[in-house]
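Visitor: Quick one: structure below, then a few questions.
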Amino acid sequence: MSRPLPTESALLRGQAGNIEVLIDAPGEVRGIALVCHPHPLFGGANTNKVAHTLARSFRDLGYVAIRPNFRGVGKSEGAHDAGNGETEDMLSVISWAQSRWGVSPLALGGFSFGGFVQTRVANRLADGIAPPRQLVLVGMAAGMAADGARHYDTPPVPKSIPTLIIHGENDETVALANVLDWARPQELPVTVVPGADHFFHARLHVIRDIIARNLPPLA
């Protein structure tokens, strides 16, 4: 297998201006994965360790992993839009990626607020000509955050998209109970990492292992 390429950065055009992205590509690209970071108003950025772990996990399966910065983060222009403009930006990034690498199998991954955005993206794409093949949600944002400052009305995921949900037992930002309440009516299993907090300190390797066991590498 050929060696992965060095991480690349690029500026793309979105509705609110530039979108800054990091790109982690395998030696041979067999698919496209979009990875979204946690809440931009609480320090979230595409360099977040969980987002980085997701990107590398997808890369190792044969996907080119693209990590955008949401509006107002890094060199991405515009202002935070509570997931609305961010969803449109992510669709623009996917269109750009498909024009560069072709209409390859698409996977979506998100951490916390990034997972909330990805559920919206998944619903927008589910009935299209190239729906996502896989959705991975880590530290999923659903219901009322523990600080009481924000509430996530997270939509159900399309039944046609295989979904892997990973959550920490001791998540102090989004209670595990919130995610179970969101997943239960959809009959979606939730993989719980014992002892893990919201940012999976000392548990990032567990995320990698769960993804490697549950997602097949691209042929």
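Visitor: Once phi is turned into ³J(HN,Hα) by the Karplus curve 6.51 cos²θ - 1.76 cosθ + 1.60 with θ = phi - 60°, what whole-Hz value does each residue of the stretch 86-101 show in order, with x for glycine and proline?
Guide: Using θ = phi - 60°, the values come out as 4, 5, 4, 4, 5, 5, 5, 5, 4, 4, 4, 4, 5, 6, 7, 10 Hz.
Visitor: Does the chain come out rounded, prolate or oblate by the C-alpha gyration tensor, with a ≥ b ≥ c the root eigenvalues, rounded set by a/c under 1.5 and, if not, prolate when a/b is larger than b/c and oblate if not?
Guide: Rounded is the answer for the chain, as its axis ratio a/c remains below 1.5.
Visitor: Which one, 197, 181, 171, has the greatest fluctuation when you compute a Gaussian network model over the chain with C-alpha springs under 10 angstrom?
Guide: Largest GNM mean-square fluctuation: 181.
Visitor: What are the radius of gyration and Dmax of the stretch 39-146, computed over its Cα atoms and given in Å?
Guide: 13.3, 41
Visitor: Between rounded, prolate and oblate, where does the stretch 175-219 land on the alpha carbon gyration tensor, with a ≥ b ≥ c its root eigenvalues, rounded for a/c under 1.5, else prolate if a/b exceeds b/c?
Guide: Verdict is oblate for the stretch 175-219.
Values quoted throughout were computed directly from the atomic coordinates according to the rules given, and no laboratory measurement underlies them. A quick note: this is a predicted structure, and the numbers were derived from the prediction, not measured.
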